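The values are calculated or read from the model by the stated rules, or taken from the named source; none is laboratory data. What you see is a predicted model, and the numbers here were worked out from it, not measured in a lab. Here the Cβ positions follow ideal geometry from the backbone for every residue, glycine too, while neighbour counts run over all protein chains shown. Please note that ligands, DNA and RNA were not included when accessible areas were found on the heavy atoms of the full protein model with its side chains. Shrake-Rupley method; radii C 1.70, N 1.55, O 1.52, S 1.80 Å.
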Amino acid sequence: MHCLKKITNDLIWVGANDRRLAMFEGVYSVPNGVSYNSYLLTDEKTVLFGTVDKAVQQRFLENVTEALGGRTLDYLIVQHMEPDHSAGFLDILRLYPDMKVVCSAKILAFIKQFYDIDIDARVSIVKEGDTLNTGKHNLHFVMAPMVHWPEVMVVYDSTDKILFSADAFGCFGALNGAIFADEVDFSRDYMDEARRYYTNIVGKYGPQVEALLKKASALEINMICPLHGFVWRKEIEKIIAKYTCWSSYEPEKNGVMIAYASVYGNTENAAEILASRLRDKGIKAVMFDVSVTPASEILAAAFKWSHLVFASTTYNAGIFVKMEELLNDLVSHNIQKRTVAIIENGSWVATSGGLIREKLEECKDITFIDNMLSIKSSLKKAQLTEIDLMAEALITSFPDALKEMPKSSLNNVVSDGSIDPKTMFKLSYGLFVLTAKDDEKENGCITNTAIQITQNPLRISVALNKANFTHDMLVRTKEFNVSVLTESATFDIFERFGFKSGRDTDKFTTYNTDARTMNGIRYLPEHTNAVISAKITEIINCDTHSLFIADVVEAFSLSGGKSLTYQYYFDNIKPKQQSQPKPLISLKDVQEKRKGFICKICSHVYEGDTLSADYVCPICKRGSEDFEPV
Ligand code: FEO
């Protein structure tokens, strides 16, 4: 029986899921299955985008028949000839004898390689920039060689602004009844599989993926329809940001991945002690036994983490077989831009360390930690110092901003899109930096109005003065971050984010870290104990202010520092009178001759007997509630 998913009014998913496949491409375990996506466009002409793997052929043909609703098929667009997307090719040719095949010359050559058929009369060859009008829709053909095979072609529907992205933006995992990425908790449940899919399938071809991203950046994209995994219709920038990072080989997170090969546990012991030392210093470490964890998972982790440690016993006078396989995989996937440390072990002669280094020297931009640890059978007490030195050398190579952060913040410093409910405990009647970004600008302001309003769904509110530049950004973009300040906050944070308007200045120009959450918005990694990302669901007009109601989409703690309260700010952070920003009129004048009100935030003085409720400080844009009589 057919099982269709509606994508738009005239686009239907006609693919299928396979949960019985043990090894995708014979190499990659897929414990959660995989989807083979095919899409049918039912315009004045009908267009099928690709077919599927032979394992799900029957369901696919039922789907196509049902989705056509008695119509014939006019076009089959072939984007990629790998058999998991082309096994249904001959069946579709046979079932729809008047159908035209639309493909590039390269794809046609691949069709003839796979199938011994004379097909030229039925083929319409397209090249970069060609278009096909199907009635309402205009389809544009864009070549994407090596994402993942040389013949790959993506298609852009400029009518509905849909990118049919072939293997790009795909993901392992069956769809489980959903079709859109926003129907599931993608960050929590699928991002690791998206990374594993990308790094293993396309990871070798970073520059080619960058070329495709560059072409895509010129397009307005409302939806991405890949050949595996979910369709993206919301937060497309989230997956594009990941692809931008992965294709550049830049590490996604700061931390140490330790892969070890240990026959009797002694090499593992050294690796474990190193991980423990790193954790003691607040550096996140993850460990993989190469004999247990599939190489595809370790490869994905190597793309994720900034620092890599390889610990291997010597085996057959070389590197332990499973470690050697992993290293070969890393080299062939072009891993680069990493800091690497090596531990070797050998009961006769330890050779694995030098051989590991030799292999990784084939990769670009690898920085080796010089003091390799060499073990003879087992680690000795005297060698603990060497482990300490290795840990120290690794830590020294981390970015300064990370090293200076409080130890407790380091384990959680990196945004991963999940929600830690305990984060809400950090919200008090305190002071926060609220950050936002739109296409043109990144901005932030000080606020004291972030509060939790419901637990389920987890929802917060913030009130912002309408004169505030960030207010307008929130109205436009509907999303923001709240960084919860701690008592360690310094006055310059308030000067930067509180005393100037984003209209006139770029508050992040000289800001020295670029920490961002999954929504791409900056947060403050220092002098803060928690970060909350939220998506606005409602804006309530409150005269001078707007009250933004927002769902929490990500939340994590950064440190155990005490949340900063308004009172603490006045008592301990705000400079006393002599070093405050100069009031626009002399405070002395006001006190001696005139009445007025002083802004508690920036010390601007309003001269007059009364202060209207809708008065807004011209310096820091705070409302009348933040003024007190002089
Ligand atoms: Fe899913 Fe490159 O094929």
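In the stretch 200-231, which residue that is open to solvent by less than 10 Å² (accessible area, probe 1.4 Å) and either more than 14 Å from the ligand (Cβ to nearest atom) or among the charged types (D, E, K, R) (or both) is nearest to TYR249 (Cα to Cα)?
GLY206
What number of residues within the stretch 410-449 are under 18 Å from GLY561 (Cα atoms), aliphatic (A, V, I, L, M) and at pLDDT 75 or above?
Matching residues across the stretch 410-449 total 2.
So, LYS100, is that one in contact (Cβ under 8 Å) with a residue 24 or more places away in the chain, open to solvent by 30 Å² or more (accessible area, probe 1.4 Å) and more than 38 Å from the chain's Cα centre (by Cα) or not?
Yes: the conditions hold for LYS100.
Only residues that are within 16 Å of the ligand (Cβ to nearest atom) and without any contact (Cβ under 8 Å) to a residue 12 or more places away in the chain: list them for the stretch 34-61, please.
none
Considering only residues that are of a type in the set (A, V, I, L, M, F, W, C), closer than 24 Å to PHE180 by Cα and either open to solvent by 40 Å² or more (accessible area, probe 1.4 Å) or within 16 Å of the ligand (Cβ to nearest atom) (or both), which ones fall in the stretch 62-93?
ILE77, VAL78
Of all residues in the stretch 17-44 being of a type in the set (A, V, I, L, M, F, W, C) and not in a strand (DSSP E or B), which is surrounded by the most Cβ atoms within 10 Å (Cβ to Cβ)?
Checked the stretch 17-44; the qualifying residue surrounded by the most Cβ atoms within 10 Å (Cβ to Cβ) is VAL30.
Just for the stretch 121-154: of the residues that are at positive phi and more than 16 Å from the ligand (Cβ to nearest atom), which one is surrounded by the most Cβ atoms within 10 Å (Cβ to Cβ)?
Among them, the one singled out is GLY135.
Within the stretch 237-244, does at least one residue satisfy the condition of being within 16 Å of the ligand (Cβ to nearest atom) and surrounded by 24 or more Cβ atoms within 10 Å (Cβ to Cβ)?
No - not one qualifying residue is present in the stretch 237-244.
Go through the stretch 1-23 and give me each residue that's more than 17 Å from PHE180 (Cα to Cα), touching a Ser or Thr at 6+ places or on another chain (Cβ under 9 Å) and within 14 Å of the ligand (Cβ to nearest atom).
Passing the criteria: ASP18, MET23.
Can you tell me which residue within the stretch 429-449, out of those that are in contact with a Leu (Cβ under 6 Å, 6 or more places away or on another chain) and in a loop (DSSP other than H, G, I, E, B), is surrounded by the most Cβ atoms within 10 Å (Cβ to Cβ)?
Here the residue is LEU431.
Under 7 Å between Cβ atoms, which residue pairs at least 6 apart in sequence (or on different chains) link something in the stretch 410-434 that is closer than 13 Å to ALA534 by Cα with a partner that is open to solvent by 60 Å² or more (accessible area, probe 1.4 Å) and modelled with pLDDT of 70 or more?
Matching pairs, first to second residue: GLY417/ARG188; SER418/ARG188; MET424/GLN452.
Please go through the stretch 155-197 and give me each residue that is assigned to a strand (DSSP E or B), within 14 Å of the ligand (Cβ to nearest atom) and of a type in the set (Ser, Thr, Tyr), ordered by number.
The one that is assigned to a strand (DSSP E or B), within 14 Å of the ligand (Cβ to nearest atom) and of a type in the set (Ser, Thr, Tyr): SER165.
Looking only at the stretch 230-275, which residues are part of a helix (DSSP H, G or I) and among the charged types (D, E, K, R)?
Of everything in the stretch 230-275, those that are part of a helix (DSSP H, G or I) and among the charged types (D, E, K, R) turn out to be GLU237, LYS238, LYS242, GLU268, GLU272.
How many residues does the stretch 450-464 hold that are touching a Ser or Thr at 6+ places or on another chain (Cβ under 8 Å) and open to solvent by 10 Å² or more (accessible area, probe 1.4 Å)?
4
Would you pick out the residues in the stretch 605-623 that are in a loop (DSSP other than H, G, I, E, B), without any contact (Cβ under 8 Å) to a residue 40 or more places away in the chain and crowded, with 21+ Cβ neighbours inside 10 Å?
Hit for the stretch 605-623 is CYS617, nothing else.
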